[in-house]
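Reading through the C-alpha cells given below for one structure.
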Amino acid sequence: MARAMAPRAAFPPPLASRGIAVAGELDAATGLGEAARSLLAGARDLGFGGDPVTLGVGRVPQGSVPEGAALLLAVNAPSLPLMLARAAPSLLRRRVIGSWAWELPVVPESWAAGGRYVHEVWAPSAFVAQALEQVLPGRVRVVPYPLALCAPPAGDEDLGLDLPGQIVVTLMVLSLGSSAARKNPLAGVAAFKRAFAGRTDQRLIIKLQGAAAYPHEAARIETMAGPNIQVISGVWPKSRMAALVERADIVLSLHRAEGFGLVLAEAMLRGKPVVATGWSGNLAFMNENSAALIGYRLVKVEDESGIYASMPGASWAEPDIGHAAEWLRKLGDDYALRQQLGAKARDHAVAMLNGDVLSRALAANGITPLA
C-alpha cells in the first residue's frame, strides 16, 4: 500500500538545478541519520543551500524544497515507500538523488524497486557501489560522506568514567540494531584480552547503543566487563560522543563488514590511530599507511538476528584476532607510535572526506551553487 501511495521521481530528470535540499531522518540517532546530517552540512558548506526535509515513517515531511532545486534522499531503498507515503507529489518533481548504504558485497534484489524514486544513487564507498551496481547498473556513483567539513568540536565534557590520564583507552562503539554479529564486538574483546590481560594501565571501553531493544546481545557483551573492560550504554548527544572519541587513545573495530564506518572516520579525523578489519567500506578512507588494517578470511554470513536472512551464500570477513592483539599491544605500549599513526590517519581522512567529491558529483548532475 505504501509503495502505491508514495510519489515517484519524474523521468527524464531536469537537465539543470539550482541548489539542493537534503531529506532523511535528520533527527534520528542512527548511522543513516548521521550520514544525512553530514550531507546536509556538506551541501551548506559548499554553497548549495542544503534546505532540510525531515522524513519519518508515518510522518508528513517537515520542510520544503526551493523551486528549481534538486533533492538528495538519504534514505535506503526499502524505506523509501514508507518515508514518502505522506509526501506531496511535487517533492519528487525535480532531479532526485538517493544516498544508500549497505554492508555486504550483494544487496537484496528488492532494492532495485528503489530506482523508481531516484535518478541516481550515491554510495559512500566503492564497496557499497559495487553491490548496488548489481541492481541499478550504470546509475551508481561513489560519494563518501563529507565528514571533514562537519566534524564537531571535541568539547570538554566530563564523561564520568574515572579515566586517569595515565590509562591508555581503547574504544569500541557499536549499535546493536546494526547486527551484533556484523559489528563483532566479542572479537574485539578477545583481542584486547590477549594483548592486555590483567593490565590496569590499559582500558577497553565498549559504548553500546540499543541495549534495551536487544537485551540478549547486550547481556552477552556486558558479561565481558572486568577490571580493565568497561561497558556503557545509552544514546549520547553528539558532543558527548565527540568527547569520548577525543579521550580514546586507540579506536578498535573488528567488524565483519561495514558499508562505511562513521565512527572510524570521525576518529581518524580527530587524529586517533584505528585498528580495524582490512575489508569492506572502511577502505574508503583508510589504507595500510594510515591505519592498522587487520588480516581476515572470508566466511559465510551467519547472523542469528535474521537481518541478512535473505542473503544466502553471502560472505563477510572473519578478522584475525591474533593480528589485532599484536597491533593493540604495539600501539598501547608506544605513545610515539600512536601519535605517528594518528597524524597519518588525520591527513588521509581529510584528503578522502573533504567536499571535493561531493562538489564534483553535484556538478555532474547539473546542480549549481546558489551564489
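The values are calculated or read from the model by the stated rules, or taken from the named source; none is laboratory data. Computed from a prediction, not measured in an experiment: that's the story for all the values here. Note that we place each Cβ from the backbone using ideal geometry, even for glycine, and neighbour counts take in every protein chain shown.
Yes/no per residue for (1) aromatic (F, W, Y); (2) buried (at least 24 other Cβ atoms within 10 Å of the Cβ):
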{"residue": "A36", "(1), (2)": "no, yes"}
{"residue": "G42", "(1), (2)": "no, yes"}
{"residue": "F48", "(1), (2)": "yes, yes"}
{"residue": "L55", "(1), (2)": "no, yes"}
{"residue": "V60", "(1), (2)": "no, no"}
{"residue": "A74", "(1), (2)": "no, yes"}
{"residue": "A87", "(1), (2)": "no, no"}
{"residue": "E109", "(1), (2)": "no, no"}
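Could you list, in sequence order, all residues of segment 110-165 that are polar (S, T, N, Q) and either assigned to a loop (DSSP other than H, G, I, E, B) or within 17 Å of A23 (Cα to Cα) (or both)?
Step one: filter segment 110-165 for residues polar (S, T, N, Q), giving 110, 125, 130, 134.
Those that are polar (S, T, N, Q) and either assigned to a loop (DSSP other than H, G, I, E, B) or within 17 Å of A23 (Cα to Cα) (or both): S125, Q134.
Any idea which of V169, V140 is farther than 28 Å from D303 by Cβ and either in contact with a strand residue (DSSP E or B) (Cβ under 9 Å, 6 or more places away or on another chain) or surrounded by fewer than 17 Cβ atoms within 10 Å (Cβ to Cβ) (or both)? Can you show your working first?
Numbers: V140 fails: farther than 28 Å from D303 by Cβ.
Result of the check over V169, V140: V169.
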Verdict on D201 being touching a residue at least 60 places away in the same chain (Cβ under 8 Å) and more than 20 Å from the chain's Cα centre (by Cα): no
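Of all residues in segment 166-195, which are part of a loop (DSSP other than H, G, I, E, B) and either modelled with pLDDT of 95 or more or farther than 27 Å from K330 by Cβ (or both)? First the steps, then the outcome.
To start, the set of residues in segment 166-195 that are part of a loop (DSSP other than H, G, I, E, B) comprises 166-167, 179, 184.
If the condition is that a residue be part of a loop (DSSP other than H, G, I, E, B) and either modelled with pLDDT of 95 or more or farther than 27 Å from K330 by Cβ (or both), then I167, S179, N184 are the ones that fit.
Tell me the residue from G313, G261, G271, G278 that is of a type outside the set (A, V, I, L, M, F, W, C), without any contact (Cβ under 8 Å) to a residue 60 or more places away in the chain and farther than 20 Å from V142 by Cβ, please.
None of the others qualify; the one that does is G313.
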Condition met for L208 (touching a residue at least 24 places away in the same chain (Cβ under 8 Å), assigned by TED's automatic domain parsing to the domain that holds A291, hydrophobic (A, V, I, L, M, F, W, C) and more than 23 Å from S38 (Cα to Cα)): no
Residue in segment 34-46 that is over 16 Å from G366 (Cα atoms), polar (S, T, N, Q) and under 26 Å from the mean Cα position of the chain (by Cα) present: yes
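What strands (runs of 3 or more DSSP E) completely inside segment 1-94 contain at least 1 residues that are in the same structural domain as P124 (by TED's automatic domain parsing) and of a type in the set (V, I, T)? So that I can check it myself, show each step before the final result.
Details: elements: 20-24, 49-54, 70-74.
Counting at least 1 such residues, we get 20-24, 49-54.
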Filtered residues of segment 47-81 (kept if of a type in the set (D, E, K, R) and either under 14 Å from L26 (Cβ atoms) or touching a Phe, Trp or Tyr at 6+ places or on another chain (Cβ under 7 Å) (or both)): D51, R59
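Using the structure shown, decide if L159 is outside the structural domain of E304 (by TED's automatic domain parsing), surrounded by fewer than 18 Cβ atoms within 10 Å (Cβ to Cβ) and in contact with a helix residue (DSSP H, G or I) (Cβ under 8 Å, 6 or more places away or on another chain).
Details: outside the structural domain of E304 (by TED's automatic domain parsing): yes; surrounded by fewer than 18 Cβ atoms within 10 Å (Cβ to Cβ): yes; in contact with a helix residue (DSSP H, G or I) (Cβ under 8 Å, 6 or more places away or on another chain): yes.
Yes: the conditions hold for L159.
Hey, does segment 257-269 have a residue that's of a type in the set (D, E, K, R) and buried (at least 16 other Cβ atoms within 10 Å of the Cβ)? Even if it seems obvious, please write down each step before you answer.
Pass one, segment 257-269, residues of a type in the set (D, E, K, R): 258, 266.
Restricting the remaining residues to those that are buried (at least 16 other Cβ atoms within 10 Å of the Cβ) gives 258, 266.
Yes, segment 257-269 contains a residue that is of a type in the set (D, E, K, R) and buried (at least 16 other Cβ atoms within 10 Å of the Cβ).
Residues in segment 209-239 that are out of contact with any Gly (no Cβ under 6 Å at 6 or more places or on another chain) and part of a helix (DSSP H, G or I): how many? Spell out how you get there, then give the answer.
Keep residues of segment 209-239 that are out of contact with any Gly (no Cβ under 6 Å at 6 or more places or on another chain), which gives 209, 211-238.
Next cut, part of a helix (DSSP H, G or I) only: 215-222, 238.
Within segment 209-239, residues that are out of contact with any Gly (no Cβ under 6 Å at 6 or more places or on another chain) and part of a helix (DSSP H, G or I) number 9.
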Residue in segment 254-270 that is under 29 Å from T200 (Cα atoms), of a type in the set (A, V, I, L, M) and part of a loop (DSSP other than H, G, I, E, B) present: yes
Every residue from segment 104-120 that is within 26 Å of P312 (Cβ to Cβ) and touching a helix residue (DSSP H, G or I) at 6+ places or on another chain (Cβ under 6 Å): P105, V106, V107, W111, G114
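Would you point out which residue out of A69, A77 is aliphatic (A, V, I, L, M), over 24 Å from the mean Cα position of the chain (by Cα) and at pLDDT 95 or above?
Working: A77 fails: over 24 Å from the mean Cα position of the chain (by Cα).
Only one candidate passes the filter, namely A69.
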Odd one out for S178, checked against (1) closer than 30 Å to D320 by Cβ; (2) touching a strand residue (DSSP E or B) at 6+ places or on another chain (Cβ under 8 Å): (2)
Of all residues making up segment 257-304, the number that are within 15 Å of L174 (Cα to Cα) and of a type in the set (G, A, S): 6
Residues satisfying the stated conditions in segment 325-350, i.e. small (G, A, S) and buried (at least 19 other Cβ atoms within 10 Å of the Cβ): A325, G332, G342, A345, A349
